[in-house]
Structure formats: structure tokens, C-alpha cells
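See structure below.
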Amino acid sequence: MSAQIIDGKAFAASLRERVGAHAATFAEKAGRKPGLAVVLVGEDPASQVYVGAKGKATLAANMESFEHRLPADTSQDDLIALVEQLNADPAVDGILVQLPLPGDLDEQAVIAAIDPGKDVDGFHVESAGRLMVGREGFVPCTPLGCIMLLQDRLGDLSGLNAVVIGRSNIVGKPMAQLLLDANATVTIAHSRTKDLPEVVRRADIVVAAVGRAEMVKADWIKPGATVIDVGINRLAPAEGEKRGRLVGDVEFAGVKDVAGAITPVPGGVGPMTIAVLLRNTLVAAHAHEGLEPPEGL
Ligand SMILES: NC(=O)C1=CN([C@@H]2O[C@H](COP(=O)(O)OP(=O)(O)OC[C@H]3O[C@@H](n4cnc5c(N)ncnc54)[C@H](OP(=O)(O)O)[C@@H]3O)[C@@H](O)[C@H]2O)C=CC1
Ligand SMILES: Nc1nc(=O)c2c([nH]1)NC[C@@H]1CN(c3ccc(C(=O)N[C@@H](CCC(=O)O)C(=O)O)cc3)C=[N+]21
């Protein structure tokens, strides 16, 4: 039996379509478009690709995109001054500072400077705290995208065993909280977990957010399980290749014969992240104008 391939790219395209339609309605009411500011410090090639993709998707969804590209030697004070300028700018509804930051820049301090009402990444401690205690707030884009894919496929997640591999603040921890909120029984595994394959074998839902190419193997997967692969790993180029292939944290070729459903890399979680970022920006814009939040997103 071969797993159903969860088409994150198509799901994301449909979400961006709905966000774009809402954004057009918003512009009629508010007399301006929703605005997303993206700050990129330094010249990391992968980050440049992501920031370019975000800018394009923002414009295509009837939103304003403000890109700020700063040199790698930007000081902490200058970066925070830019964030404060964006906080004060009424045309800016959402602020994303691309991570990781180069050099000695203090990521936590920069995120803390973002107005929580514009924290469309959901990385501010205020957003993290709201998620933890079940109050409304911005949820990090990648885990929110994953839970949308899971609920679309499985419906009610009540009582299902979910194993999240990885405990970062931007993926693993918020992912586990969202699964818990959906009444799954949640295990968080990490680099100190004993007998990870055995832990993963109990899972009806596996979310892999590790950053290790093809680590999760076919014999770790309970037959029929739903596998969400968050990992984005660039392999070294093979003979004759200019760039290495992009692979996830899951050995797709083997796991797809055991799982019930699986997200591919590319074309799975990655596109959802950008679509949810636009969704969060749209929600922020409505709040800033005192409008009711958009429905059906
Ligand atoms: N698709 C998308 O939109 C996005 C994709 N990503 C990708 O997701 C992956 C994870 O990202 P992120 O959460 O930021 O990564 P981090 O490096 O911050 O966290 C990785 C986690 O994996 C755990 N880990 C490392 N090695 C092992 C191991 N051998 N066994 C079990 N657990 C292990 C670490 O454990 P410990 O805490 O013990 O060190 C840590 O909790 C990366 O590939 C990243 O590129 C990230 C964000 C968005
Ligand atoms: N403040 C901040 N917020 C982020 O959300 C954030 C960040 N920093 N830093 C880096 C990570 C990574 N990330 C991805 C977004 C889209 C794809 C994506 O669209 N991937 C495509 C492939 C892209 C390609 O071909 O390179 C796919 O999986 O199909 C991947 C990864 C957001 N991140």
C-alpha cells in the first residue's frame, strides 16, 4: 500500500487564494492594503530565496510588501531601531525578521522589540504565552500550517497518539501545543530521547522537525500513520548536479510504503508556512482597523 501524498503546495495555493480575496475586501473597507514587512540581515543564500518568495506571495495576495535588506554587520541598536520604526508605521500590519540572524545579533532581544500585535511569526514571548494558556494570539506559521494539513486529512484528532520530533521554540514546542489543544496524546522527542524508533512506532501522527536529512526510517512508522515532514535539508550535489537535492527529515522513498499519508519535501509543509504568514498578516490588519476577523481561514 502506498501512502496518500499530502499536497501542501495545493492546499497552500487555495489558502493564499482565500487570503487574497479577503485582502481585497479589506482594502475596500480600510482604504489601504494589509502590509507585511520582512527584514533580512546579511546575505545567507537560502534566506534570500525565502524572502524573495515571501515578497512575491505577499503581492500576489493583494498585500503590500516592505522589504528591508541590511548588511551582515548591522548593529543590534540599528536593527532594533528599524523594528521600532516598523512598529510605529500604520502601513505595516506584520513584521517578520528572518532567522537565523548573523554574527552576535541577539535574536531574543530583536523579537522582543516587535509589537506583539504585529508578531505574525508568533515568536514573541507574548504570543508563545498566549498559545500556552489558550488565549487568542499569533501562532507560528509552520506548526499552524501542519495542524491545518492534519485536520484536513484526519478531521478530529482526539485521542490519537502524536509524536513530535524536535523541541524548538519555532516548530516543535508550538506544534506539540496545537496537537494537545486538538486533544491528541502528545509525546515530544528530542536528541536525548531513548530508543526514538520505538517511541515513533506508537504514533498515529508523526511530525518530524529535526533538521537531519532522511533520519526517520520506514521501520519506525506504524502502518497507516500520518507523517508530516517539516525538515528542509539541502544534500551535497551529486555527480553532475549543480545544487544538491532538497530532502526532509523523513526517508520518503521507504516511509511512503508504510504510512497512510505523508507530506513531500519540497511541496509539503514549506509552502504552507508562507500561506499561513499571509493569513496571520490579514488577521493582524483586521485587528489594526478594528474590523471583525476574516472567516473561513
Ligand atoms: N518547512 C518550513 O517551513 C520550515 C522548516 N524548518 C526545518 O525544520 C527543521 C527543524 O527546524 P528547527 O525546529 O528550527 O530546528 P532546531 O535545530 O532549532 O531544532 C531541532 C530539534 O531536533 C532535535 N534533534 C536533533 N538531533 C536529533 C536526533 N538525532 N534525534 C532526535 N531529535 C534530534 C533537537 O533536540 P535537542 O533540543 O535535544 O537539541 C532539537 O529539539 C529544519 O530542517 C528546518 O530547516 C524550520 C522552520 C520552517
Ligand atoms: N522569522 C522567520 N520566519 C520563518 O518562517 C522562517 C525563518 N525566519 N527562517 C527560515 C525558516 C524556513 N522557512 C521556510 C519557508 C518556506 C519554505 C518553502 O517554501 N519551501 C519550499 C521549497 C523551497 C526551495 O525550493 O528552496 C517547499 O518546501 O516546497 C521553506 C522554509 C521559514 N522560516
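The values are calculated or read from the model by the stated rules, or taken from the named source; none is laboratory data. No experiment lies behind these values; they were computed from the predicted model shown. Heads up, the Cβs are rebuilt from the backbone with ideal geometry, glycines too, and the neighbour counts pull from every protein chain shown.
So, residue 238, is that one surrounded by fewer than 18 Cβ atoms within 10 Å (Cβ to Cβ) and away from ligand 1 (no atom under 16 Å from the Cβ) or not?
Details: surrounded by fewer than 18 Cβ atoms within 10 Å (Cβ to Cβ): yes; away from ligand 1 (no atom under 16 Å from the Cβ): yes.
Answer is yes for this residue.
Determine, yes or no, whether residue 229 is within 16 Å of ligand 2 (Cβ to nearest atom), of a type outside the set (A, V, I, L, M) and modelled with pLDDT of 95 or more. Taking the combined requirement at face value, the residue satisfies it.
Among the residues making up the range 266-283, a single one is surrounded by 24 or more Cβ atoms within 10 Å (Cβ to Cβ) and in a loop (DSSP other than H, G, I, E, B): 268.
With the requirement that a residue be part of a loop (DSSP other than H, G, I, E, B) and touching a residue at least 60 places away in the same chain (Cβ under 8 Å), what does the range 145-179 give you?
Restricting attention to the range 145-179, the residues satisfying the condition of being part of a loop (DSSP other than H, G, I, E, B) are 155-160, 166-171.
Hits for the range 145-179 are 166, 170.
Quick check: is even one residue across the range 27-46 closer than 30 Å to residue 226 by Cβ and assigned by TED's automatic domain parsing to the domain that holds residue 115? Break it down stepwise before answering.
Start the filter on the range 27-46 by keeping residues that are closer than 30 Å to residue 226 by Cβ, which leaves 46.
Narrowing the set further to residues that are assigned by TED's automatic domain parsing to the domain that holds residue 115 leaves 46.
Yes: one or more hits.
On the given criteria, is residue 165 buried (at least 24 other Cβ atoms within 10 Å of the Cβ) and over 23 Å from residue 128 (Cα atoms)? Write out each step before concluding.
Working: buried (at least 24 other Cβ atoms within 10 Å of the Cβ): yes; over 23 Å from residue 128 (Cα atoms): no.
The answer is no for residue 165.
Residue-level check: of (1) away from ligand 2 (no atom under 15 Å from the Cβ); (2) on the phi < 0 side of the Ramachandran plot, residue 53 misses just (1). When each of 81, 57, 61 is tested for being without any contact (Cβ under 8 Å) to a residue 40 or more places away in the chain, among the small types (Gly, Ala, Ser) and either more than 16 Å from residue 32 (Cα to Cα) or in contact with a helix residue (DSSP H, G or I) (Cβ under 6 Å, 6 or more places away or on another chain) (or both), the lone residue that passes is 81. Six or more apart or on different chains, Cβ atoms under 8 Å: show the pairs whose first residue is in the range 256-267 and free of Cβ contacts under 8 Å to residues at least 12 places away in the same chain and whose second is within 16 Å of ligand 1 (Cβ to nearest atom). That search, which allows pairs on different chains as well, returns nothing. Which of the residues belonging to the range 150-166 are more than 16 Å from ligand 1 (Cβ to nearest atom) and either among the hydrophobic types (A, V, I, L, M, F, W, C) or farther than 21 Å from residue 12 by Cα (or both)? Within the range 150-166, 154, 157, 158, 159, 160, 161 qualify. Would you check if residue 171 is under 25 Å from residue 193 (Cα atoms), within 16 Å of ligand 2 (Cβ to nearest atom) and among the aliphatic types (A, V, I, L, M)? Here the answer is yes, as residue 171 does meet what is asked. The criterion of at least 3 residues that are modelled with pLDDT of 95 or more and β-branched (Val, Ile, Thr) is met by none of the helices (runs of 4 or more DSSP H) wholly inside the range 36-144.
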